[in-house]
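Chemist: First the structure, which I've put down as structure tokens, then a few questions once you've had a look.
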Amino acid sequence: MSESEVSSANRLSDNDVQAIDQLRASYDQLVSELGRVIVGQRGTIERLAICLFARGHALLMGVPGLAKTLLVSKLAETLSLDFSRIQFTPDLMPMDITGTDILQDTAGGKREFEFVHGPVFANMVLADEINRAPPKTQAAMLEAMQEHRVTVLGKSFPLPPPFLVLATQNPVEQEGTYPLPEAQLDRFMFLIELDYPSEAEEIQIARTTTGGALPALEHILHAEDIIRHQELVRRVPVPDHIYQYAAQLVRKTRPDGETAPAWMKPLVSWGAGPRAVQYLILGAKSRAALMGSYMVRLEDVQQVASPVLTHRIITTFAAQAEGIDAGQIVRRLIEETTPEA
């Protein structure tokens with residue numbers, strides 16, 4: 001890909017080029033700093049950073065013990081962000097998340113209602129085991145994730161920027177859980193699947209966590225820096241053929257569409273919507289900037305396609321009977337889809 005593929009009007013300014021170089025350096029430093037505590041998980045860290053700078057939210061899927069909570073808390077520490085953890089349980093109420101009005105005594109002797117902020121009022125919120133809370137409580141996160149605000153008793157309260165929700169789900173234990181509806185799943189930019197570490201990594205984890213206290217990490221960025229980089233990511237130029245490729249890839253996931261491959265139609269009952277195209281482009285922009293690229297490349301879209309599309313595809317009973325999941329379908333679509341000339 002050459003710069004000639006992007007019009008001169010859409011090219012980055014010299015200041016933006018320098019800002020991308022700074023972002024790449026900060027990202028490398030961030031990965032190095034997290035490596036003092038987190039063993040492995042380079043791909044997970046990259047995807048979390050992509051979501052953060054693209055102003056998206058992520059759903060982390062993995063069995064217990066893979067350091068999801070530790071990773072998120074240490075990421076917030078290195079970014080100097082306010083961190084909040086919400087443990088979702090079947091008895092959790094919406095006001096336990098958003099906060100509520102409490103009757104307080106004033107200096108004048110009167111009693112007035114005062115709003116007490118809930119744990120959602122943080123820069124980085126870890127919604128642990130989000131599928132354990134009932135739908136009413138899950139819905140309380142929906143407005144916060146989409147609108148970056150909450151409404152309590154008819155009053156709206158803005159959430160502090162930057163705002164990132166990282167939710168976890170346990171793929172093994174499903175008893176007493178409430179599956180997230182498709183509308184809420186669609187609000188998550190990425191589905192990040194965590195796997196078991198390698199043998200060497202597991203030995204290193206044992207060495208790191210069974211000794212003294214974990215080290216305090218250096219603050220790499222601050223909230224103002226992150227907001228500035230989020231605005232920079234939006235300005236990363238995208239060649240026309242990349243827009244076409246993203247739309248082409250998403251449209252192939254819809255079994256009723258004309259471009260859907262024949263092998264996929266009996267395996268998928270519902271494909272990805274237009275928000276998937278938006279997140280493909282935003283994710284590709286964010287990854288390009290983190291990798292130090294001054295425009296979006298094809299490989300950027302391909303790298304973010306799986307976490308963007310996997311949770312937006314609903315497989316049929318036939319696919320489940322054959323042991324085919326959405327991730328396998330997405331990977332095959334990526335392999336078969338090439339940019340139009």
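Chemist: Give the label of the value calculated from the structure for volume of the Cα convex hull per residue in Å³, choosing from (1) 182; (2) 135; (3) 193.
Modeler: This structure yields the entry labelled (1).
Chemist: With labels modelled as points extended 7 Å from the Cα through the Cβ direction, what inter-label distance (nm, one decimal) is found for residue 202 paired with residue 225?
Modeler: Inter-label distance under the simple model: 3.6 nm.
Chemist: In addition: Taking the Cα centre of each part, how many Å lie between the stretch 297-325 and the stretch 194-234?
Modeler: The stretch 297-325 and the stretch 194-234 have Cα centres separated by 27 Å.
Chemist: Pull out a ≥ b ≥ c, the square roots of the eigenvalues of the alpha-carbon gyration tensor of the stretch 171-268, then state rounded if a/c is under 1.5, prolate if not and a/b is larger than b/c, and oblate in the remaining case.
Modeler: Here the stretch 171-268 falls in the oblate category.
Chemist: Still on this structure: Tell me which residues come under 5 Å, amide H to amide H, from residue 115 once H is placed; ignore anything under 5 positions away on its chain.
Modeler: Placed amide hydrogens put 102 under 5 Å from residue 115.
Chemist: To continue, here is another question. So what is log10(I(q)/I(0)) for the stretch 182-341 at q = 0.09, 0.14, 0.15 1/Å, when the Debye sum runs over its Cα atoms only?
Modeler: -0.41, -0.83, -0.90
Chemist: Still on this model: How compact is the stretch 219-278 by the rule of thumb for globular proteins, expressed as Cα Rg over 2.2 N^0.38 Å?
Modeler: Against the empirical 2.2 N^0.38 Å value, I get 1.66 for the stretch 219-278.
Chemist: Next question, about the same structure. If contacts are Cα pairs under 8 angstrom and at least 6 residues apart, what is the relative contact order of the stretch 236-341 in percent?
Modeler: 34 percent.
Chemist: Starting with the highest mean, order 286-295, 129-138 by the number of other Cβ atoms within 10 Å, averaged over the residues of each peptide.
Modeler: 286-295, 129-138
Chemist: Continuing with this model, one more query. What share of the DSSP beta bridges in the chain is antiparallel, in percent to the nearest 5?
Modeler: 45
Chemist: Taking +1 at the Cβ of each Lys and Arg and -1 at the Cβ of each Asp and Glu, which of 146, 208, 191 sits farthest along the dipole of the chain towards its positive end, judged by Cα position relative to the Cα centre?
Modeler: After comparing all options, I get 146.
Chemist: Next up: Quick check on the stretch 123-165: take the gyration tensor over C-alpha atoms, sort the square-rooted eigenvalues as a ≥ b ≥ c, and tell me if it's rounded (a/c under 1.5), prolate or oblate.
Modeler: Here the stretch 123-165 falls in the oblate category.
Chemist: May I have the count of lysine pairs in the chain with C-alpha atoms under 22 Å apart, counting pairs 8 or more residues apart or located on different chains?
Modeler: 4
Chemist: For residue 60, enumerate residues with amide H under 5 Å from its amide H, sequence gap 5+ or separate chain, H modeled in the peptide plane.
Modeler: The answer is 167, 168, 169, 192.
Chemist: Return the sequence-ordered ³J(HN,Hα) values of the stretch 156-166 in whole Hz as given by the Karplus equation 6.51 cos²θ - 1.76 cosθ + 1.60 applied to θ = phi - 60°, using x for Gly and Pro.
Modeler: Going residue by residue, I get 9, 10, x, 8, x, x, x, 10, 9, 9, 10 Hz, with x marking Gly and Pro.
Chemist: Would you work out if the stretch 118-230 is rounded, prolate or oblate? Take a ≥ b ≥ c from the square roots of the eigenvalues of the alpha-carbon gyration tensor; rounded if a/c is under 1.5, else prolate when a/b is larger than b/c, oblate otherwise.
Modeler: It is oblate, given that a/c is not under 1.5 and a/b is not larger than b/c.
Chemist: Residue-wise, which Karplus ³J(HN,Hα) couplings in Hz belong to the stretch 123-136, taking 6.51 cos²θ - 1.76 cosθ + 1.60, θ = phi - 60°, and x for glycine or proline?
Modeler: So the J values, rounded to whole Hz, are 6, 10, 10, 9, 8, 7, 6, 4, 7, 8, 8, x, x, 4.
Chemist: When N counts the residues of the stretch 34-83, how does its alpha-carbon radius of gyration compare numerically with 2.2 N^0.38 Å, as a ratio?
Modeler: 1.09
Chemist: Follow-up. What list of ³J(HN,Hα) couplings, whole Hz, do you get for the stretch 291-304 from phi and the Karplus terms 6.51, -1.76, 1.60, once you set θ to phi - 60° and write x for glycine and proline?
Modeler: Computed from phi, the couplings for the stretch 291-304 are 7, x, 8, 9, 7, 6, 10, 4, 5, 5, 5, 5, 6, 9 Hz.
Chemist: With the contact rule set at Cα under 8 Å and sequence spacing of 6 or more, what percent relative contact order holds for the chain?
Modeler: Here the relative contact order equals 22 percent.
Chemist: Counting other beta carbons within 10 Å of each residue's own, what order do 259, 168, 337, 106 fall into, fewest first?
Modeler: 106, 259, 337, 168
Chemist: Right, something else. Using amide H atoms built 1.01 Å from N in the peptide plane, name the residues 5+ places from residue 322, or on other chains, whose amide H lies under 5 Å from its own.
Modeler: none
Chemist: If you put +1 on each Lys and Arg Cβ and -1 on each Asp and Glu Cβ, how big is the dipole of the stretch 1-153 around its Cα centre, in Debye rounded to 20?
Modeler: Using Cβ point charges on Lys, Arg, Asp and Glu, the stretch 1-153 gives about 380 debye.
Chemist: Next question. If each DSSP helix of 4+ residues adds -39,500 (n - 2.57) and the sum is divided by the residues in the chain, what number results at 222 nm, nearest 500 deg cm²/dmol?
Modeler: -13000 deg cm²/dmol
Each value in this text was obtained by applying a stated rule to the coordinates, not by laboratory testing. All values derive from a computational prediction rather than experimental measurement. As a convention, Cβ positions derive from the backbone with ideal geometry for all residues, glycine included, and neighbour counts pool all protein chains shown.
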